[in-house]
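The values are calculated or read from the model by the stated rules, or taken from the named source; none is laboratory data. Source: prediction; values computed, not measured. A quick note on method: Cβ atoms are made from the backbone with ideal geometry, for glycine too, and the neighbour counts reach across all protein chains shown.
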Amino acid sequence: MTEKNMARADFYTGIIMMAFGITAIVMALQMPIIERDPYSSPGVLPIFLGLIITVLSLVMFIRSVIRAKGQIGISGSSFKSFFADVGTRRVVITTVLCVFYALLLGKIVFPLLTFVYILVFILVFEYNRKMPFRQQTKKVLIALLVAILSSASITAVFQYLFLVRLP
């Protein structure tokens, strides 16, 4: 990727990540506040994370504008090439999977949802649709094993170590 294309990619990514950070802050502010100890409220950490994401994406956005000397050259073709990029596609797919996971959290039993999320995530990024399934059975079996072990260990750690009631 050329320097100009990288500045353009950082420009778009900065805008998207700022929107994500601000959304996280707004949603965290809607969480309940524990009056006797507001610092232990569930929204405190998401607010800090949203602030960090917003500030860092703002820095990325400003640096991209400075690097391109204000000549980002936003056009229909540059917008298309940004979203046609493999890295951008991977970020979009990851974001969509995370959003679906968050939306289904509490509606599906946590260990099952986590298992499906991890399995789908691995298969989306590792499975090659151009190769026959028979040649990729080992890859699928490893994905199943990783998803089972990860889901079980995550559930166990949160339930028994952190004493968190999972949905």
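What is the one condition in (1) within 30 Å of GLN71 (Cβ to Cβ); (2) touching a residue at least 24 places away in the same chain (Cβ under 8 Å) that LEU49 does not satisfy?
Going through (1) within 30 Å of GLN71 (Cβ to Cβ); (2) touching a residue at least 24 places away in the same chain (Cβ under 8 Å) one by one, LEU49 breaks only (1).
In this structure, does VAL26 turn out to be outside the structural domain of VAL124 (by TED's automatic domain parsing), within 30 Å of LEU166 (Cα to Cα), part of a helix (DSSP H, G or I) and at pLDDT 90 or above?
yes
Quick one: how many residues across segment 124-152 are surrounded by 13 or more Cβ atoms within 10 Å (Cβ to Cβ) and of a type in the set (S, T, N, Q)?
The total comes to 3.
Among ILE62, ILE72, ILE93, which is the only one that is farther than 23 Å from SER151 by Cα and at pLDDT 85 or above?
The match here is ILE62.
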